Amino acid sequence: MDLYRELIIQLYKNPLNKREIKDAQITHSGANITCGDHVRIYAKLSGDKKTVIDCSFEGRGCAISIASASLLTEELKGKTIAHAGQLKLSDIEEWLGTELGPSRAKCGILALETLQEGINRH
């Protein structure tokens with residue numbers, strides 16, 4: 001468990017892909033109002049609009065939400081939009097290496113739900 005806590009803390013301190021993508025085709029913001037986490041997801045798509053060629057986020061929040069956004073954006077590079085639509089909380093928990101309880105699950109899934117809403121609006 002300590003190894004996984006260390007991963008979460010490291011990603012919180014040094015998040016992956018925390019930046020704006022100015023020419024992203026998908027941008028969407030989301031918030032977890034119960035704890036104050038905010039995220040904005042960016043996805044740049046291939047010419048056929050089926051593959052994510054770059055993905056990033058901006059935002060602030062707890063260690064779980066930042067670590068989850070970091071891992072999600074890293075996972076999506078080179079994957080299809082269809083793949084992104086099929087991801088769920090259990091995938092986030094697998095990447096984090098820990099099961100999230102009910103109070104932390106909303107933090108863990110914020111970036112994914114925000115991305116999926118952005119895809120649906122795209």
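Only the coordinates and a few stated rules stand behind these numbers; no lab work does. Owing to the predicted nature of the structure, the values given are computational and were not obtained by experimental measurement. A quick note on method: Cβ atoms are made from the backbone with ideal geometry, for glycine too, and the neighbour counts reach across all protein chains shown.
Could you check segment 11-22 and list, in sequence order, the residues that are out of contact with any Lys or Arg (no Cβ under 9 Å at 6 or more places or on another chain) and either crowded, with 18+ Cβ neighbours inside 10 Å or in contact (Cβ under 8 Å) with a residue 12 or more places away in the chain (or both)?
Scanning segment 11-22 gives Leu11, Tyr12, Pro15, Leu16, Lys18, Arg19.
Looking at Ala84, Ala63, Ala24, Ala31, which is the one that is among the small types (Gly, Ala, Ser) and closer than 24 Å to Arg5 by Cβ? Explain how you work it out, then say what you get.
On the way: Ala84 fails: closer than 24 Å to Arg5 by Cβ; Ala24 fails: closer than 24 Å to Arg5 by Cβ; Ala31 fails: closer than 24 Å to Arg5 by Cβ.
When all the criteria are applied, what remains is Ala63.
Give segment 45-65 a look and list any residue that's among the aliphatic types (A, V, I, L, M) and in contact with a Cys (Cβ under 9 Å, 6 or more places away or on another chain), or say none. Step through it out loud before you land on a result.
Initially, segment 45-65 is screened for residues among the aliphatic types (A, V, I, L, M), giving 45, 52-53, 63-64.
Across segment 45-65, the qualifying residues are Ala63, Ile64.
Quickly run through segment 57-76 and pick out the residues that are over 19 Å from Asn32 (Cβ atoms) and touching a strand residue (DSSP E or B) at 6+ places or on another chain (Cβ under 7 Å).
Applying the first criterion (over 19 Å from Asn32 (Cβ atoms)) to segment 57-76 yields 74-76.
Once the filter is applied, which keeps residues that are over 19 Å from Asn32 (Cβ atoms) and touching a strand residue (DSSP E or B) at 6+ places or on another chain (Cβ under 7 Å), segment 57-76 yields only Leu76.
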